[in-house]
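Take a look at the structure below.
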Amino acid sequence: MTAVLEQLLNGVQFGVMLFLMAAGLTLVFGIMNLINLAHGSFYMVGAYIWAAVFQASGSWLLAVAAGILGGAATGAVVEIVVFRTLYRRDHLDQVLATFGLILFFNEAVRMIWGPTALYAAVPQFLSGQVEIAPGVPYPAYRLAIIVIGLLVALLLYLVVARTRIGMLIRAGASNRVMVGALGVNVRLLYTLVFAMGAALAGFAGLLAGPVFTVESGMGENVLILAFVVIVIGGIGSIRGAFVAALLVGLVDTMGRAFLRPLLATVMARTAADDAGPALASMLIYLLMAMVLFFRPQGLFPPRTR
């Protein structure tokens, strides 16, 4: 039970990080109808800026602020310089252009920070462990990621559902032509949404920095999972992205932890050792296929008129 509880928390922690990554992607896709394969690059840029500032200053909070602002600024510049020319183009042109941006950002971080991966330790005040149950310690940093991710999810929901800018975002997702006809500066709205999505991706990257390695190309694998999340949750839905991110995080984590020993109870251990990891890596895609079969629009599609 101790192992199950720890893996459940690991799954939730992975899920909230996926949500931070997927939230901006689903907003950009749902509002702008833009396929952005370079979204993982903002995840990487946020992690690199955070690691560089943390190593130079020793202040974790300053590094976090720098990573978020750096991700937002990078996203705003990319939207203004590149994506404004792509809104009226078809999805194939968007895929090709954003794939080129992936190559650009990967080479840019190698030129600035070198090809060697950056390592940054967990901040001192989060380096210990918390006893989540009698005799069950859990890393304080991972627990902090869960709490921070849930707070950001709540804040994002309040912004989208309860504020004027959130009303404009939801209206733009439903009918951006009508929003523009009512006098709203759609260009500025797009830049704001894109910068907010890039900031969330950069925040996810810097939170992942002490857990994983900060290296060139680190955003590509997370980008694939983020696309799975928004497809399961419903494109353009923040609530759907949150629920789907938790589902994907739990299914992936629990499958990798327990599928192989479960298979070993019904087949030879060598066969379980071979089949377990392969099946575990397929679970989230099987989950996506099941959701698409029963609900092709996703679990919580945004309401449109």
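Please enumerate the residues belonging to segment 120-138 that are surrounded by 13 or more Cβ atoms within 10 Å (Cβ to Cβ) and free of Cβ contacts under 8 Å to residues at least 12 places away in the same chain.
If the condition is that a residue be surrounded by 13 or more Cβ atoms within 10 Å (Cβ to Cβ) and free of Cβ contacts under 8 Å to residues at least 12 places away in the same chain, then Q129, P137 are the ones that fit.
Evaluate segment 14-28: report whether one residue or more is under 22 Å from L92 (Cβ atoms) and either acidic (D, E) or not in a helix (DSSP H, G or I) (or both).
No, segment 14-28 has no match at all.
Considering only residues that are polar (S, T, N, Q), in a helix (DSSP H, G or I) and crowded, with 22+ Cβ neighbours inside 10 Å, which ones fall in segment 203-252?
Scanning segment 203-252 gives no hits.
Scan segment 142-153 and report the pairs whose first residue is under 12 Å from F242 (Cα atoms) and whose second residue is in a helix (DSSP H, G or I) and aliphatic (A, V, I, L, M), with Cβ atoms within less than 6 Å and a gap of 6+ or a chain change.
Going by the 6 Å Cβ cut-off, the qualifying pairs are G149/V16.
Within the set of pairs 6 or more residues apart or between chains, which connect a residue that is in contact (Cβ under 8 Å) with a residue 12 or more places away in the chain inside segment 195-209 to a residue that is assigned to a helix (DSSP H, G or I) and charged (D, E, K, R) with Cβ atoms less than 9 Å apart?
Matching pairs, first to second residue: A195/E79; A198/E79.
Only one of R269, R295 is charged (D, E, K, R) and within 20 Å of G234 (Cβ to Cβ); which?
R295
Polar (S, T, N, Q) and closer than 22 Å to A72 by Cα: is that true of T253 in this structure?
no
Which of the residues spanning segment 79-90 are touching a residue at least 24 places away in the same chain (Cβ under 8 Å) and either over 22 Å from L188 (Cα atoms) or not in a helix (DSSP H, G or I) (or both)?
Residues satisfying the conditions are L86, Y87.
Pull up segment 37-55, narrow it to residues that are under 15 Å from I112 (Cα atoms) and of a type in the set (A, V, I, L, M, F, W, C), then point me to the one that is surrounded by the fewest Cβ atoms within 10 Å (Cβ to Cβ).
Per the stated criteria, the residue is A52.
Only residues that are among the aromatic types (F, W, Y) and closer than 25 Å to I102 by Cβ: list them for segment 220-276, please.
If the condition is that a residue be among the aromatic types (F, W, Y) and closer than 25 Å to I102 by Cβ, then F227 is the only one that fits.
For the structure I just gave you, tell me whether N10 is buried (at least 20 other Cβ atoms within 10 Å of the Cβ) and either free of Cβ contacts under 8 Å to residues at least 40 places away in the same chain or not hydrophobic (A, V, I, L, M, F, W, C) (or both).
When the stated conditions are applied, N10 passes them.
Every read-out reported here was derived from the displayed coordinates using simple, explicitly stated rules and does not represent laboratory data. The structure presented is a predicted model; accordingly, all values stated were derived computationally and were not measured. Cβ atoms come from the backbone with ideal geometry, glycine included; neighbour counts cover every protein chain shown.
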